[in-house]
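Let me begin by presenting the structure, written as structure tokens, before commenting on it.
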Amino acid sequence: MTADILREKFLDFFKAKKHKIVESDSLVPKDDLTVLFTPAGMNQFKKEFMGRDSGFKRAATAQRCLRTDDLEKVGKTSAHHTFFEMLGNFSFGDYFKEEAISWAWEFLTKELNLSQEKFWISVYKDDEEAYKIWKDKIGIPVEKIVKLGDEDNFWPAEAKAKGPNGPCGPCSEIFYDFGQDIGCKEKNCNPSCSCGRFVEIWNLVFTQFNRKLDASIEPLPNKNIDTGMGLERLTALTQGKQNNFETELFQPIIKEIIRGQSHCGDLPTCRQAIPEKKLLYAVADHIRAVVFSIYDGIAPSNEGRGYIVRKIIRKSVLHLKSLGIDKPFLYKLVVVVAQIMHKPYPGLLSRKEDIARIILNEENNFINTLSLSSTLIDNEIEKVKKDLENDPKIEGFIIASAGTSGILGISAFKLYDTNGIPLEITKDELNIRFIKVGENFGAAYQHELDKQKNLSKSFSKMKGDVFDAKGLELGLKDTKFLGYESTSVKAKIIEIIDSHEKNKKLTEISLGMKGAIILDETPFYAESGGQVGDIGILTKGENKFIVSDTQKIGNVILHIGTISSGSFKKGDAVVAQIDTQRRLNIARNHTATHILQAALRQVLGNHVQQQGSLVSEEKFRFDFTHFKGLTKEELARVEEVANSFIVNDCAVNSKEMAFVDAKKTGALAFFEEKYSEIVRVIMIGEISNELCGGTHLTNVKEIGLIKIISEGSVASGIRRIEGATSGFAERFIKDEEEKAIAEVTKMQRLKELKKDEKKRSAEVEISLIDALPRIIEKSALINGINVIFSLEDDLDMHVLRILADKIKEKLSSVVIVLGSANKQQKKAFLVIAVTPDLLSKNIDAGVLICQLAPLIGGSGGGRQEFAQAGGTNLNNFTLVFEKLKDIINS
């Protein structure tokens, strides 16, 4: 049975059990800061688990997930993955243990017709209810039911003792037995053994408790069901295979890699490929994770989710090098993944080229980094150069001390973590440089690696409370939003929230106090979808509440601000009025982003997709997929096309429809948004068709003008355009024109100054030529050497240098010493020049200047033939000349 059939069977089975089939969420969790990636099927239902009524009590999904806590195990075992699909069924205060267990058993043994004899069960040691259901209702022999403790069969693991707080409960796992010939072969082997004989297929979590702040456990009023079963593992099982990588989900990728090995270059010069399957398996797994991460808008970068994606790409490149493939190759596997996954994710095929370009760019950059590894390692060695110089040497090798070895170990990890350079390469480079490191090198490296692994694990695990959705504790109904049609409405205050304590409710708020007011209905748009929240005012007669921001928790809208006069109480009737001019400016910018995306797709291609945006009053920001920076010509063309759309005088229409119907119309969706069943579609004639909940104009002509302000890179394969519209665009253009005029004026002024300077220089040069005879006459013979001393009035260093050069052109065998007390600059300048024929007599201008410079209150330096000094003492030149005579005489 194929994975596509199994996925469909699972969803159909639970649809027949009156479950709502919910589309897979993105790998980027929406409104969930507790995890970096979506690690399980339950994550998108946190609000439902907390009691929010979404119109259904039962749900089932095939959720795409990504976990990094077992990254080092991937490829080495038969069932560890970074990216995988989790099949799950969920109940929110509806059915409980008996149904969850019975339906899981029914699906496996009847729907899939798997042998009942092959299954073992684990239950939590204190969960007698689950134990009896398996034993008495399902009929599992007691010897095949294993009772395990908090670490194995309680969710979250060890939550009772260690937390986190919030919903928790026992779980029951279904295991498949591959037989006594597999694994440790011990007679008493059971699912608690990790030998490989037993493989967990399905985990049923019974969320029936709440862990409180004092670590006590209390029953939940509404008990929930959360189950998860890995599709990859189930596929292998139904096909009679012990290894997930032997299924159709991975084999086409693996075969393509093997074909790549055979074409890695001229076979005589091609490095010997390592035949280990574990490398093939790891790359086959990693490319799926990378493809779906980029598909969900996670571009490779140096932080957060993007850092994980970059790390996985780099590990894959190193694996491919070990397999004999030294050139970029990973990007070639994108099309294979798209073909394998085309049924559940048809959008992958249209995105494959864009995703491949991003991966290719990462591969090229990393391969270039590896080629520069020697230089990078030299930079790290330079930091401990002094320590190494003091370390002992044996047979030509520097034996690094414990301290130095530790520092180099940390450096080795940094090179791996930041640049992807493997430890083995760093060791080889140190060996080439005759540096032997001690045990502290490996220990320091491992210590840093362990720290990073723990951090990586935390990315896949929940932080804080199990369901960190404190806003839901308000227990309020959704706010009715009327802002699409109205800018001012009469409303009633439902709740007042203290500004300092998020969940503290107030009965009244008075002059000067800050807080959040919740109304039953409002025209205020809450920040979402990249659009900033509205500002405005709530009034009740002479009482005024200035709204400085609008946010939302779930669908409850919070008007955040300060009382400027009077007071407000819960239950008061108020008039809610937004700042209409600001809303109009925001609407201009929001509609402009839709126009801009249409223009980008027309100029650059349909691979352009929105990756983020910010729509404010003064400007907009639009992030989109594109593999290189835009040329000036492309930017100009995009701007031209966008403004041509505006000239068309096209109406902007909105329509609510089912999400599935909207997708059929070809409406563009933003990767990071979590859309409900009913969505709002913004249609601009034949120009644009997008899902969007923001506020817009009624006609594109109201935009007036779109001006692109800047374009740049956000991450690999992601570009960003900033722009402005209408009056803000005109102001930007005017400012740019004024800057240009100012720049032209500045250049003209500089040109005039340069001309004046050139004229002055010519005049100075004439005066210097006139002064030469006078200065040369000052030549005196000292200790057999001709020396010229001359003190000139108000010359700067530049002129003194020119004067010295002029004298050298006229004379030979002379030491020239010129000084000037520049009263305007309040500085003393001194130059010494020696003609070439005197250099052999060890007369060194640089040495002389160092001895004389202190006399003018300064310092100097130079070469043997010329040196200069500057100082602050304008009155000591007589001493300078006397000192020089003494030096030459001696």
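The values are calculated or read from the model by the stated rules, or taken from the named source; none is laboratory data. Computed from a prediction, not measured in an experiment: that's the story for all the values here. Positions of Cβ are backbone-derived with ideal geometry, glycine not excepted, and every protein chain shown enters the neighbour counts. Please note that ligands, DNA and RNA were not included when accessible areas were found on the heavy atoms of the full protein model with its side chains. Shrake-Rupley method; radii C 1.70, N 1.55, O 1.52, S 1.80 Å.
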Heavy-atom accessible area per residue, region 274-359, 1.4 Å probe: how many Å²? 34
For region 645-657, 3J(HN,Hα) per residue [Karplus equation, 6.51 cos²θ - 1.76 cosθ + 1.60, θ = phi - 60°, Hz, x = Gly/Pro]: 5, 5, 4, 5, 6, 9, 6, 9, 10, 10, 8, 8, 7
Among PRO328, THR426, GLN446, which residue has its Cα furthest toward the positive end of the charge dipole of region 304-448, with +1 on Lys/Arg Cβ and -1 on Asp/Glu Cβ? PRO328
Rank these residues by their accessible area, most exposed first, probe 1.4 Å: TYR416, TYR124. TYR416, TYR124
Give me the angle, in degrees from 0 to 90, between the Cα long axis of helix 402-419 and the longest principal axis of the Cα atoms of the chain, rounded to the nearest 10. 70
All-pairs Cα distance distribution in region 141-236, expressed in whole percent, bin size 10 Å: 15, 38, 29, 15, 2
Nearest 10 degrees, 0 to 90: what angle lies between the long axis of helix 3-16 and the longest principal axis of the chain (Cα atoms)? 50
Ignoring ligands, DNA and RNA, what percent of the 1.4 Å accessible area of the chain is carbon and sulfur? 50
What nm value, rounded to one decimal, do you get for the distance between SER350 and LYS132 when each label is placed 7 Å out toward the C-beta? 5.5
With every protein chain in place, what's the accessible area of ASP94 (1.4 Å probe, Å², nearest 10)? 70
The farthest towards the positive end of the charge dipole of the chain, of the residues LEU803, ILE201, LEU558, given +1 on Cβ of Lys and Arg and -1 on Cβ of Asp and Glu, is ILE201
Taking Cα atoms only, helix 373-383 is inclined relative to the longest principal axis of the chain by an angle, in degrees rounded to 10, of 70
List the aspartates and glutamates whose Cα sits under 20 Å from the Cα of LYS278, skipping any in the same chain fewer than 8 residues away. ASP69, ASP70, GLU72, GLU232, GLU246, GLU248, GLU256, ASP326, GLU424
Rounded to the nearest 500, the 222 nm mean residue ellipticity computed for the chain from DSSP H runs (n ≥ 4, each -39500 (n - 2.57)) alone is -12000 deg cm²/dmol
Normalised convex hull volume, region 653-740, alpha-carbon set, Å³ per residue: 130
Over 31 Å between Cα atoms: which of LYS327/LYS707; LYS47/LYS544; LYS315/LYS352 fall into that group? LYS327/LYS707; LYS47/LYS544
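Over region 591-746, with the other protein chains present, what is the accessible area per residue in square angstrom, probe 1.4 angstrom? List each step's numbers first, then the result.
Working: 7500 Å² over 156 residues.
Per residue, region 591-746 has an accessible area of 48 Å².
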Using θ = phi - 60° and Karplus 6.51 cos²θ - 1.76 cosθ + 1.60, couplings along region 563-571 (whole Hz; Gly, Pro as x): 6, 9, 7, x, 7, 9, 10, 4, x
Any chance you could look up the accessible area of MET513 with a 1.4 Å probe, heavy atoms only, rounded to 10 Å²? 70
Return the whole-Å distance between the Cα centroid of region 707-737 and the Cα centroid of region 529-577. 32
Give me the one-decimal nm value for the distance between modelled label points at GLU743 and SER194, 7 Å along each residue's Cα-to-Cβ direction. 6.3
Nearest-20 debye value, region 237-392 charge dipole, Cβ charges on Lys, Arg, Asp, Glu: 560
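Using the beta-carbon distance between ALA215 and LYS393 and R0 = 56 Å, what value does 1/(1 + (r/R0)^6) give for FRET efficiency, to the nearest 0.05?
The pair ALA215/LYS393 has a calculated efficiency of 0.45.
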Pop out the ³J(HN,Hα) list for region 524-534 in order, Karplus 6.51 cos²θ - 1.76 cosθ + 1.60 with θ = phi - 60°, rounded to Hz; leave Gly and Pro as x. 6, 7, 8, 3, 5, x, x, 8, 5, x, 6
Entries of LYS386/LYS436; LYS492/LYS570; LYS15/LYS241 with Cα pairs more than 18 Å apart: LYS15/LYS241
Could you let me know the centre-to-centre spacing of region 377-453 and region 34-97, using Cα atoms, in angstrom? 42
Partner lysines for LYS162 [C-alpha distance under 17 Å; skip if fewer than 8 residues away on the same chain]: LYS212, LYS457, LYS461, LYS463
Cα extents of region 572-623 along the principal axes, largest first, in whole Å, come to 53, 19, 13
Principal axes first, then extents: for the Cα atoms of region 712-766, list largest minus smallest coordinate on each axis, whole Å, largest first. 61, 33, 7
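How high is the FRET efficiency between GLU527 and LYS504 when r is their beta carbon distance and R₀ equals 22 Å, given to the nearest 0.05?
Working: r = 22 Å, r/R0 = 1.00.
With a Förster radius of 22 Å, E is 0.50.
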On a 29 Å Cα-Cα criterion, which of the cross-link pairs LYS841/LYS883; LYS125/LYS504; LYS110/LYS135; LYS754/LYS827; LYS632/LYS734; LYS754/LYS778 come out too long? LYS125/LYS504; LYS754/LYS778
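Given charges of +1 on the Cβ of Lys and Arg and -1 on the Cβ of Asp and Glu, with all other atoms neutral, how large is the dipole of region 68-191 about its Cα centre, in debye to the nearest 20?
The dipole of region 68-191 has a size of about 260 debye.
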GLU276: accessible area at probe 1.4 Å, nearest 10 Å²? 80
For HIS626, distant residues with modelled amide H under 5 Å away: ILE718, ARG719
Write down the accessible area per residue of region 26-162 in Å², having rolled a 1.4 Å probe over the full set of protein chains. 40
Taking R0 as 41 Å, what FRET efficiency do you get between LYS436 and GLU303 from their Cβ-Cβ distance, rounded to the nearest 0.05? 0.70
What percentages make up the Cα-Cα pair-distance distribution of the chain when the bins are 20 Å wide from 0? 11, 30, 29, 18, 10, 2, 0
Roughly how many debye, to the nearest 20, is the charge dipole of the chain about its Cα centre, given +1 on each Lys and Arg Cβ, -1 on each Asp and Glu Cβ, and no other charges? 180
So for region 816-876, taking the charge dipole from beta-carbon charges (+1 Lys/Arg, -1 Asp/Glu), which of ILE849, ASN873, LEU838 sits furthest toward the positive end? ASN873
